[in-house]
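The values are calculated or read from the model by the stated rules, or taken from the named source; none is laboratory data. Computed from a prediction, not measured in an experiment: that's the story for all the values here. Quick reminder, even Gly has a Cβ in these numbers, built from the backbone with ideal geometry, and neighbours come from all protein chains shown.
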Amino acid sequence: MSFDECIHRLNNNGVCILPSETVYGLACSALSAEAVQKVFKLKGRPSSNPLIVHVLDHSDASKICLTNPLSEKLSQFFWPGPLTLVLPKKNCVPPEVTAGLDTVGVRSPSHPKFRKILSSVGFPLAAPSANKSNKISPTSYDDVKGEFGLDSPPIIDGGTCELGIESTVLDLTTNPPQILRLGMCTKDQIEDVIGIKIRGVNKITRSHLASKKSPGLMSKHYCPDTPLILYRTIDKLIESLPSIKDEVIILPKKSHNLSVDNAHTFYLSEFGDPIEIAHNLYHILHLSDRLNKKRIHASLLDNKNEIFSAINDRLSRASANCL
Ligand code: TXA
Ligand code: MG
């Protein structure tokens, strides 16, 4: 689809699929309840799960929410980029966007095509990941084009998403601020920028109470259609290899040097680099799923690195039997 067509659709309360640096997004005007309802319907998303609103910069963010010195500092450092800030919303944001919450999640994407469209339309764009509810987020044109079948909104082809997993979501309405969803912006980086300790994702964040606060944290999410068996460690997965026949195995790095002739094997990276693994994760889950085998086998990553935790979070939610 051309930029002009896309802008025309967005101006008329329509929906388009746009590339971002994290994952593709299903975008519409964030100021139109009618447009937002179309997005919920296409995704099959429960109306209780709020959307992220995309803006060009902090000054545009302040038109839709109550910004503060912390959001200012964080945006100077991380925007445009994969950090969503949860702040008290202003009245111009319809309740449909925020699932009735009095806060809104806002971020400034860095993908040049997304930014070009934001500056052309001149209003904020709500955009959840461009997948059916609870399915794997798309990170390439090939993965997104089949997601909505005949109902698919037109797509702006932005190639492969650079980062590959969704933004870090940081709640700035609590004291101290709290990470609600792990992503490529880490707790350490955020603390360095604002100079205060924040709360990480913990059991409480995942509790019933918190899932009401940020309903997208529901544990079943990002699921391939093929059951994904998740092993606690790579060694546990390796122990099971002899019993796996004609199924799919996803290994963290090529240097595992295993002989797995009896299965379809994908490697998330060459040498185990977290940024490379995040970049490849959803695309490899899509490829694995398309093989239509009985099961997919993968393991958690055994490193304390926070990006590995973000990846483990996605893998756990994608898995059929939780460990
Ligand atoms: O990287 C991303 O964040 C991508 C790209 C397209 O920007 N978007 C994305 O959107 O992942 P989505 O809808 O799949 O995830 C949004 C999640 C919600 O499920 C919820 O957990 C959290 O962000 N969220 C949004 N608004 C919130 C709010 N007001 N309060 C708490 N959590 C919120
Ligand atoms: Mg999503």
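The table below lists the values:
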| item | result |
| --- | --- |
| Selection count where residues are near ligand 1 (Cβ under 10 Å from one of its atoms) and surrounded by fewer than 21 Cβ atoms within 10 Å (Cβ to Cβ), scope the range 119-135 | 1 |
| Cβ pairs under 7 Å, 6+ apart, first in the range 112-125 and under 16 Å from residue 17 (Cβ atoms), second among the hydroxyl-bearing types (Ser, Thr, Tyr) | 114/20; 125/29 |
| Residue match in the range 13-31 (condition: within 19 Å of the chain's Cα centre (by Cα), surrounded by fewer than 23 Cβ atoms within 10 Å (Cβ to Cβ) and either within 10 Å of ligand 1 (Cβ to nearest atom) or modelled with pLDDT under 95 (or both)) | yes |
| Matching residues in the range 84-118 - criterion: being of a type in the set (Lys, Arg) and more than 9 Å from ligand 1 (Cβ to nearest atom) | 90, 113, 115, 116 |
| Some residue of the range 39-54 being closer than 18 Å to residue 180 by Cβ and of a type in the set (Ser, Thr, Tyr) | yes |
| Among (1) in contact (Cβ under 8 Å) with a residue 60 or more places away in the chain; (2) buried (at least 17 other Cβ atoms within 10 Å of the Cβ); (3) within 20 Å of the chain's Cα centre (by Cα) - the single one residue 316 does not satisfy | (2) |
| Unique match (being at pLDDT below 95, over 18 Å from residue 194 (Cβ atoms) and not polar (S, T, N, Q)) among 44, 122 | 44 |
| Subset of the range 118-127 [within 20 Å of the chain's Cα centre (by Cα) and either outside the structural domain of residue 15 (by TED's automatic domain parsing) or away from ligand 2 (no atom under 16 Å from the Cβ) (or both)] | 118, 124 |
| One residue from 116, 63, 73 being over 26 Å from residue 162 (Cα atoms) and surrounded by fewer than 22 Cβ atoms within 10 Å (Cβ to Cβ) | 63 |
| Residue within the range 274-282 that is over 27 Å from residue 186 (Cα atoms), among the acidic types (Asp, Glu) and free of Cβ contacts under 8 Å to residues at least 40 places away in the same chain present | no |
| Test for residue 107: is it charged (D, E, K, R), in the same structural domain as residue 185 (by TED's automatic domain parsing) and within 16 Å of ligand 2 (Cβ to nearest atom) | yes |
| Every pair of residues 6+ apart whose Cβ atoms lie under 9 Å, when the first sits in the range 186-199 and is closer than 15 Å to residue 274 by Cβ while the second is surrounded by 11 or more Cβ atoms within 10 Å (Cβ to Cβ) and acidic (Asp, Glu) | 186/306; 187/306; 188/306; 189/306 |
